[in-house]
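Input: a single structure, listed below in structure tokens.
The values are calculated or read from the model by the stated rules, or taken from the named source; none is laboratory data. All values derive from a computational prediction rather than experimental measurement. For neighbour counting, all protein chains shown are included, and Cβ atoms are generated from backbone atoms with ideal geometry for every residue, glycine included.
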Amino acid sequence: MAEFGGDDDRPMDGRETSAFCARKGLPIAEATLSTLRCRGSGPKYLKYGRRVFYRPSAVKQWLESRVHEHRRTNEVSGGPLGAS
């Protein structure tokens, strides 16, 4: 699993959060973060007036939750198209 550690927990704005994600190997545009926030599927955020901030710890947790191991279909189902 990917390692996302070593940063302080100072709140970051959208631009900084986008750069933070890119440094962790998962580039996400600032506009995508905004869309995910509106849909309720992005990282937890803080809001001060109209400004939005993300804590690195919340972003790391969200990034880690999006990492999945790839499994071949026939390993899970026993064969092609679910045949046993």
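Miscellaneous remarks
- Condition check for S41: within 15 Å of the chain's Cα centre (by Cα), more than 17 Å from D13 (Cα to Cα), outside any strand (DSSP E or B) and at pLDDT 90 or above: yes
- Filtering the stretch 35-59 to residues that are out of contact with any Leu (no Cβ under 6 Å at 6 or more places or on another chain), among the small types (G, A, S) and surrounded by 15 or more Cβ atoms within 10 Å (Cβ to Cβ) leaves S57, A58.
- Subset of the stretch 44-76 [within 17 Å of D9 (Cα to Cα) and of a type in the set (G, A, S)]: S57, A58
- Restricting the stretch 31-55 to residues that are of a type in the set (A, V, I, L, M) and touching a residue at least 24 places away in the same chain (Cβ under 8 Å), the residue that is farthest from S65 (Cα to Cα): V52
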